[in-house]
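Novice: Before anything else, here's the structure in question.
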Amino acid sequence: MRNTARWAITLGLTAAAVCAPLSGAATAATGTGPSALYAPSALVFTVGHGESAMSATPERAVTLTCAPRPSGTHPAAASACAELNGVSGNLSALTMRQGVFCTKEYDPVVVTVDGVWQGQRVSYERTFGNECVMNAHGSGVFAF
């Protein structure tokens, strides 16, 4: 049941994140000025406590759309998009910031990211030792 709920949430949020900008582009296309074409960049992030996505129940979920402009329910959409652009959308390239100190307490947190980055399908899962370690990766992509 947990997997079914996770997939339902992920698919619903992904559809909303991908289709909302496209419907705006369709409306803009009917205007007098030409509209620019762009590869979609829309992601759904979930976070939950557990060893893996299979065993964790999603506690929070946000959407992040980076093209044509930063938007979504992510609390820091503009900075998250800028950071993802800096690593070409490679979530694995986000490293822990220097000068951040976290306890060694083991309270695993799993993050999943599903969607599209510049037209390419993205599916990412990573387990962090605790929330401090998760929030220290990058400047704010996982801080939601």
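The values are calculated or read from the model by the stated rules, or taken from the named source; none is laboratory data. Note that the structure is predicted; figures quoted are calculated from it, not measured. Note that we place each Cβ from the backbone using ideal geometry, even for glycine, and neighbour counts take in every protein chain shown. Just so you know, the surface numbers come from the protein's heavy atoms only, side chains and all, with ligands and any DNA or RNA stripped out. Shrake-Rupley method; radii C 1.70, N 1.55, O 1.52, S 1.80 Å.
Novice: Quick one: what Rg and Dmax do you get for segment 36-141 from the alpha carbons, in Å?
Specialist: 13.8, 48
Novice: Also, quick follow-up: Please give the per residue accessible area of segment 88-136, computed with a probe of 1.4 Å over protein heavy atoms only, in Å².
Specialist: 58 Å²
Novice: Still on this structure, I have one more. Please sort 98-105, 114-121, 74-81 by packing, taking for each peptide the average over its residues of neighbouring beta carbons within 10 angstrom, highest first.
Specialist: Per-residue Cβ counts within 10 Å, averaged per peptide and sorted highest first, yield 74-81, 114-121, 98-105.
Novice: Each residue of segment 90-96 in turn: what ³J(HN,Hα) in whole Hz from Karplus with 6.51, -1.76, 1.60 and θ = phi - 60°, glycine and Pro shown as x?
Specialist: With the stated coefficients, segment 90-96 comes to 7, 4, 5, 7, 6, 10, 5 Hz.
Novice: OK, next. At a 1.4 Å probe radius, which order do GLU131, GLU83 fall into by accessible area, largest first?
Specialist: Descending order: GLU131, GLU83.
Novice: How much net charge surrounds ALA77 when only the other residues with a Cβ under 13 Å from the Cβ of ALA77 are counted, with Lys and Arg +1 and Asp and Glu -1?
Specialist: The answer is 0.
Novice: Here's a follow-up. Is the shape of segment 51-98 best called rounded, prolate or oblate, per the rule: a/c under 1.5 gives rounded, else a/b larger than b/c gives prolate, else oblate, with a ≥ b ≥ c the square roots of the Cα gyration tensor eigenvalues?
Specialist: Because a/c hits 1.5 or more and a/b fails to exceed b/c, segment 51-98 counts as oblate.
Novice: Also: Just by accessible area at a 1.4 angstrom probe, what is the order of TYR124, TYR38 from largest to smallest?
Specialist: TYR38, TYR124
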